[in-house]
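Visitor: Encoded as structure tokens, here's the structure I'll be asking about.
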Amino acid sequence: MSSTMSYWISTSARSCIATLQGGRRLYSRCVSKRNLSIWRRLSWASSPLQNSSPCGTFTLQKVYRHTSTEEEDFHLQLSPEQVNEVLRAGESAHKILDLDSRVPNSVLRFESNQLAANSPVEDRRGVAACLQTSGLMFGVFDGHGGHACAQAVSERLFYYVAVSLMSHQTLEQMEGAMENMKPMLPILQWLKHPGDSVYKDITSVHLEHLRVYWQELLDLHMEMGLSIEEALMYSFQRLDSDISLEVQAPLEDEATKNLSLQVAFSGATACMAHVNGVHLHVANAGDCRAILGVQGDNGMWSCLPLTHDHNAWNEAELSRLKREHPETEDRTIVIDDRLLGVLMPCRAFGDVQLKWSKELQRSVLERGFDTEALNIYQFTPSHYYTPPYLTAKPEITYHRLRPQDKFLVLASDGLWDMLGNEDVVRLVVGYLSEAGRHKPDLAQRPTKLGLMQSLLLQRKASGLYAADQNAATHLIRHAIGSNEYGEMEPERLAAMLTLPEDLARMYRDDITVTVVYFNSEIIDAYYRGD
């Protein structure tokens, strides 16, 4: 890193707060007695999430919005057609066209889906092309304590990354257009998903803060812009800093004030990938995850993890936390596998309750906010001595794509709670084969036709056969519908989709999945020098 950049990061007022972050399933939840008997009745269908306790450190109000008290309501059984309709509601798929005719794209297509457990869903996803630089960006954002922070990060983070990568000349053009009130150069081309109507062009307040960021970049006089590693690192931290500062700033507009408060006091983990030719960078803060599906020369498949979960089970993460706080807090940094006993992930956007001093929290909340109406959780964890305890600083992984790298899976932890890395690769490969999408280089070892026909007949007879047209849907189906032996159970799948919203969250999380397929021929041509 250049000395100029180091000086900028260390002295930027906004970046000072950027070293605070972290979070995930924010608040422990307790089961009300009125739901306990129903919960027990449904225990045959599945077991609660791993690493999730029904009762935790804090008992909070407003956890459930009970939608039904009649036991008859819970005996609804979805038909296979209705199951498919529910599973496929959030599907999207795009074939990627070459953004620049001179540079063939290494991304062939992507498929994505989302299944809610919370109401409203707290996960978000995003896919966008950088219009002033090369590259595609894919992101998965897992919110907690509400959806506000995940929504804000999904709408804003890609802009920060795109601006970070711009040349000095392009940034000057952007600034000149703003000064002269002329149309600004387009920054991103969004590829929308179902339900993305809430995505909007960057708002005036957010644009103002983005502009301050690119003005600071201009002051650095860097001709070619930041490297992708620097762009990802600074964008995560700068956005989190802006989220923190926006709620502290005096705002006259009541709606903007309330939204800023909701964003700052909820939280979101984030995992995003930037693909430019054979260059793949992944930035992760929290417990979303990215893996590669790799097919060796012998035709065998393997999984290459690109991220590490930032939680109490990550020894390196636990060591980092202890290094950043006094030894006297070694036993209280993590309690019951949660940060300060309340939060599963150790990195996230927002969550200012675990970043700000107690005095700053009080001063902001005493400005007349109706925290009850805004659904803001107020608490001070025990052993809260030396904040910040969270950071949105991402871990960044670089991988040079090879012809054997076939697909990338980005997903929120709702998927990884249910499936392991190898399971996910196996299921995607099975989907590609079953759906007839195998290219010759994706073919597995030959299978006897008689055995294959017998298996298909068995599936059809048992009502299991459903030709998913989307790999993300296929993964979600198996995540919630498979038993402990990896076998699909239609009754289990239907039961998991029938759970009312006040029970669904006890058994599964929101699940968001994006599967990105690479063009092996283009990647191979790159290495041949074509």
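The values are calculated or read from the model by the stated rules, or taken from the named source; none is laboratory data. Small disclaimer: the values here were computed from a predicted structure and weren't measured. Glycine gets a Cβ as well: all are built from the backbone with ideal geometry, and neighbour counts include every protein chain shown. Surface accessibility is based on the protein's heavy atoms, side chains included, excluding ligands, DNA and RNA. Shrake-Rupley method; radii C 1.70, N 1.55, O 1.52, S 1.80 Å.
Visitor: What list of ³J(HN,Hα) couplings, whole Hz, do you get for the stretch 344-353 from phi and the Karplus terms 6.51, -1.76, 1.60, once you set θ to phi - 60° and write x for glycine and proline?
Guide: 6, x, 9, 9, 5, 7, x, 6, 5, 4
Visitor: Return the distance in nm (one decimal) between the two label points of a simple spin-label model at Leu207 and Tyr527, each offset 7 Å from Cα along Cα→Cβ.
Guide: 4.5
Visitor: Something else about it: Using 0.36 nm per residue of separation minus the Cα-Cα distance, give me the extension gain between Asn298 and Ser363 in nm, one decimal.
Guide: Gain on stretching Asn298 to Ser363: 17.1 nm.
Visitor: Whole number please: convex hull volume per residue, Cα atoms of the stretch 131-243, in Å³.
Guide: Expressed per residue, the convex hull around the Cα atoms of the stretch 131-243 is 113 Å³.
Visitor: Which order do the peptides 271-279, 238-246 take when ranked by the mean count of other beta-carbon atoms within 10 Å per residue, highest first?
Guide: 238-246, 271-279
Visitor: Counting other Cβ atoms within 10 Å of each Cβ, which chymotrypsin sites (Phe, Trp or Tyr not before Pro) in the stretch 483-530 have at most 16 and sit in a DSSP loop?
Guide: Loop-located and lightly packed - Tyr485.
Visitor: Go from 0 up to the bin containing the longest alpha carbon distance in the stretch 158-308, width 10 Å each, and give me the % of pairs per bin.
Guide: Per 10 Å bin, starting at zero, the Cα-Cα P(r) for the stretch 158-308 comes out as 9, 31, 35, 18, 6, 2, 0 percent.
Visitor: Quote to one decimal, in nm, the extra length available between Tyr485 and Asn314 on full extension: 0.36 nm per residue of separation minus the C-alpha distance between them.
Guide: Working: separation 171, 0.36 × 171 = 61.56 nm, distance 2.66 nm.
Additional length available on full extension: 58.9 nm.
Visitor: Of the trypsin sites (Lys or Arg not before Pro) in the stretch 77-139, which ones lie in a loop per DSSP and count no more than 12 other C-beta atoms within 10 Å?
Guide: Arg102
Visitor: How many lysine pairs does the stretch 284-425 hold where the Cα atoms are under 27 Å apart and the two sit 8 or more places apart or on different chains?
Guide: 5
Visitor: So what's the net charge close to Ala117: Lys and Arg +1, Asp and Glu -1, counting the other residues with Cβ under 10 Å from its Cβ? Can you show the working numbers first?
Guide: On the way: positive: Arg505, Arg508; negative: Glu122, Asp123, Glu501, Asp509, Asp510.
So the environment of Ala117 carries a net charge of -3.
Visitor: Mind listing the phi-derived Karplus ³J(HN,Hα) values for the stretch 243-257, rounded to whole Hz, using 6.51, -1.76 and 1.60 with θ = phi - 60°, and x for any glycine or proline?
Guide: So the Karplus estimates, Gly and Pro as x, are 4, 5, 6, 5, 7, 7, 6, x, 10, 7, 6, 5, 5, 5, 4 Hz.
Visitor: Next up: Roughly what % of Cα-Cα distances in the stretch 475-529 sit above 13 Å, to the whole percent?
Guide: Tail fraction, whole percent: 69.
Visitor: Rolling a 1.4 Å sphere over the protein heavy atoms, what is the accessible area per residue of the stretch 267-357, to the nearest Å²?
Guide: Result: 34 Å² per residue.
Visitor: For the stretch 335-372, which GluC sites (Glu not before Pro) pass both filters: DSSP loop (anything but H, G, I, E, B) and at most 16 other C-beta atoms within 10 Å?
Guide: Glu366, Glu372
Visitor: What Kirkwood hydrodynamic radius do you get for the stretch 202-253 when you take the inverse of the mean 1/r over all pairs of distinct Cα atoms, in Å?
Guide: For the stretch 202-253, the Kirkwood estimate is 12.3 Å.
Visitor: Between Thr380 and Gln82, what's the calculated FRET efficiency when r is the beta-carbon distance and R0 is 35 Å? Round to 0.05. Intermediate results must be reported in sequence, preceding the final value.
Guide: On the way: r = 45 Å, r/R0 = 1.30.
Once the sixth-power term is evaluated, E becomes 0.15.
Visitor: Something else now. From the C-alpha coordinates alone, can you work out the Kirkwood hydrodynamic radius of the stretch 116-175, in Å?
Guide: Answer for the stretch 116-175: a Kirkwood hydrodynamic radius of 12.9 Å.
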